[in-house]
Amino acid sequence: MLHNMHWLRKRSPFIIISSILGLIMTLFLVIPVIWSLTSGGNITATLADERTINAISTSFLSASIATMLVFCLGIPLAYIFARYEFHGKKIVDSFIDLPVLIPHNAAGIALLSVLSPISPIGRVLESFGITAIDSIFGIVIAMTFVSAPFMIRNAQEAFSSIDPAMERVARSLGATNSKVFVYVTLPLALRGILTGCLLTWTRSISEFGAVIMLAYYPKTAAVQLYDVFISEGLKAALPINALLILLAILILFVFKLITAKSTKPVF
């Protein structure tokens with residue numbers, strides 16, 4: 001313990017100031033969470049509220065579908081980015097990060113303009129009985145849009161960390177490109193991809209701005225919390241808020257266990 005505190009005994013102004021600023025930052029992040037949990041009221045009653053449980057279930061289901069969708073579409077793109085150069089790569093690379101940078105309600109409006117029944121794409125979808133307005137489909141699309149960069153960047157980082165010589169050796173032994181990817185590249189990048197999956201899933205669950213622009217119903221957990229706060233006030237929203245924070249802590253704990261010693265996430 002004394003050995004670990006040796007840096008404090010140096011009394012370096014830089015270390016002291018850094019410690020104070022770091023403590024302020026830590027308290028800024030921790031106090032609202034602890035305060036919400038301790039003043040959350042009757043969380044048990046919230047668990048008995050069918051509206052809240054349905055909203056959480058909708059969030060979990062939609063986030064899971066969004067994660068699978070991003071996995072199927074994003075992993076191949078991440079591999080191409082990690083292994084090949086092509087014209088326009090920098091432009092595409094910039095667009096991948098765009099959902100992280102733009103306001104998420106702006107993202108929701110952009111998606112709505114593309115998928116609404118008055119747009120060509122929206123009319124085509126509607127002809128097949130698919131609508132993005134107030135539907136699970138709309139929620140999944142919004143979640144997919146805002147969370148895709150987390151999957152792509154983490155998978156790209158994982159693929160880039162693999163020595164291409166290992167893939168060349170497999171090909172020299174007669175393996176096809178698809179077999180090399182499935183039996184060599186994918187297993188070696190698995191931890192980084194898993195990190196991307198978990199970050200994509202958790203980011204999807206927490207999404208509000210883009211989701212509410214497309215689908216107020218069925219309500220996700222974030223929309224339900226907002227609705228209760230607006231209609232019933234802070235006191236009524238606190239138990240739901242505490243429950244969602246507890247779920248976030250649980251997810252974070254599981255995330256840390258699964259991704260221990262894994263590729264560091266990009267975001």
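FYI, it's all coordinate maths here, none of it is from the lab. Computed from a predicted model, the values in this text were never measured in an experiment. Positions of Cβ are generated from backbone atoms using ideal geometry, with glycine treated the same way; all protein chains shown enter the neighbour counts.
Just a few scattered comments:
- Residues of region 169-182 that turn out to be surrounded by 12 or more Cβ atoms within 10 Å (Cβ to Cβ) and of a type outside the set (V, I, T), as a count: 5
- Selection from region 225-259 of residues that are surrounded by 14 or more Cβ atoms within 10 Å (Cβ to Cβ), of a type in the set (S, T, Y) and either more than 24 Å from the chain's Cα centre (by Cα) or part of a helix (DSSP H, G or I) (or both): Y226
- Whenever a residue of region 175-203 is in contact (Cβ under 8 Å) with a residue 60 or more places away in the chain, its partners that are acidic (D, E), lying with C-beta atoms within less than 8 angstrom and at least six residues away or across chains, give the pairs T185/E167; G192/E157.
- Filter pass, T52 being touching a Pro at 6+ places or on another chain (Cβ under 7 Å) and either under 29 Å from L243 (Cβ atoms) or β-branched (V, I, T) (or both): no
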